[in-house]
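The values are calculated or read from the model by the stated rules, or taken from the named source; none is laboratory data. This one's a predicted model, so the numbers in the text were calculated from it and none came from an experiment. Heads up, the Cβs are rebuilt from the backbone with ideal geometry, glycines too, and the neighbour counts pull from every protein chain shown. Calculation scope for accessible area: heavy atoms of the full protein, side chains included, ligands and nucleic acids excluded. Shrake-Rupley method; radii C 1.70, N 1.55, O 1.52, S 1.80 Å.
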Amino acid sequence: MQGGVSGFQNAPVTRAVVLASGLLSVVFGAQRRARALGISYQDIITNFRLWKIFPSVFAFQSTPELMFGLYLMYYFRVFERQIGSNKYSVFCLFTITVSSLLEILSLVILKDTNYISTLASGPYGLIFASFVPFFLDIPVTSRFRVFGLNFSDKSFIYLAGLQLLLSSWKRSLIPGIFGLVAGSLYRLNVLGIRKMKIPQVISSFFARYFGPSPGSTSRPSRSIVGNTPSQTGRGVQSQSSTGFAPIVEPPESSIAMLVSMGFDGNDARQALMRARNDINVATNILLEAQSR
């Protein structure tokens, strides 16, 4: 399901989060302090070490968690391309804040029990919040069977998430569940969060320092439609004069769905025009174009 533009193009916020998570995980791991990153009731409430919240939000405690976590965050960059970096920044801040508050609340509630004392560190809130739009908005494009079991092209993402969710059992299960809760609250537009935007100066900072490097240029989008004209109006006029059915402008909802899967917007528009707005056929056209 890896579609569209590779790398972090049009995803500077994702790039910043991935870099922060990777660097902090390596630094604390090299100092053999990774196991001390998880927050506990004693740290936050008793000793009031609030500074531990920041590294615990970004740094993973083990190499397997780091690998699966970075892979999932890298894949979920498609949502930043879909809604834009500004709104995605709001999504990140909201889900990380809500999941962190719920984690602290759970430690307070469970402090007198032996169920759990320390929670796993890492951006579990952001990662598992992203599974909400992944489940609801990303369509299945292919299905297959392995040893009699049914799978889809989304199955590997779910399996990677399950591995991360159960990596530290109860210590990682609780942050993962709270991430799903945070993602659901964002989806429900609690407090009108989906309409909020961060100040322009902050979004400009991410675009400047975490966007594409000045020396790199985006590879022009290759036409996947053959002789389909780039100007829709011109295409309608020329085809009407030759007796063919005119090309109908694709609906924005169909384009947005393909973009959410990671495809380039212009390629998605051309593929839909070629497929006469059949989104399944357009998806196959885009996937075939990438395999060339």
Quiz prompt | Subset of the stretch 20-46 (residues that are free of Cβ contacts under 8 Å to residues at least 24 places away in the same chain, open to solvent by less than 80 Å² (accessible area, probe 1.4 Å) and not aliphatic (A, V, I, L, M)) | solution = D43
Exercise. Specify the residue that is modelled with the lowest pLDDT; the eligible residues are those in the stretch 228-254 that are among the aliphatic types (A, V, I, L, M) and surrounded by fewer than 20 Cβ atoms within 10 Å (Cβ to Cβ).
Key: V236
Exercise. Determine the pairs where a residue that is outside any loop (DSSP other than H, G, I, E, B), located within the stretch 181-202, has a partner that is loosely packed, with under 15 Cβ neighbours inside 10 Å with Cβ atoms under 8 Å apart, the partner being 6 or more residues away or on another chain.
Key: R187/L136; K195/N189
Exercise. Would you be able to tell me the number of residues in the stretch 60-86 that are more than 23 Å from V201 (Cβ to Cβ), small (G, A, S) and open to solvent by 20 Å² or more (accessible area, probe 1.4 Å)?
Key: 1
Quiz prompt | Scope the stretch 52-97; condition under 25 Å from A34 (Cβ atoms) and among the β-branched types (V, I, T); matching residues | solution = I53, V57, T63, T95, I96, T97
Quiz item: In the stretch 7-19, how many residues are surrounded by 21 or more Cβ atoms within 10 Å (Cβ to Cβ) and assigned to a helix (DSSP H, G or I)?
Solution: 6
Self-check item: Restricting the stretch 143-181 to residues that are of a type in the set (D, E, K, R) and open to solvent by 70 Å² or more (accessible area, probe 1.4 Å), the residue that is farthest from the chain's Cα centre (by Cα)
Solution: R145
Self-check item: All positions within the stretch 198-209 that are open to solvent by 50 Å² or more (accessible area, probe 1.4 Å) and over 18 Å from the mean Cα position of the chain (by Cα)
Solution: P199, Q200, V201, I202, S204, F205, R208, Y209
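Could you count how many residues in the stretch 87-118 are among the polar types (S, T, N, Q), open to solvent by 30 Å² or more (accessible area, probe 1.4 Å) and either closer than 17 Å to G183 by Cβ or part of a helix (DSSP H, G or I) (or both)?
So the first thing to find is which residues in the stretch 87-118 are among the polar types (S, T, N, Q), and the list is 89, 95, 97, 99-100, 106, 113-114, 117-118.
Of the ones still in play, those that are also open to solvent by 30 Å² or more (accessible area, probe 1.4 Å) are 97, 113-114, 117-118.
Pick out the ones that are also either closer than 17 Å to G183 by Cβ or part of a helix (DSSP H, G or I) (or both) and you get 97.
Residues that pass the stated criteria total 1.
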Quiz item: Only one residue in L258, L191 is open to solvent by 80 Å² or more (accessible area, probe 1.4 Å) and modelled with pLDDT of 80 or more, so which one is that?
Solution: L191
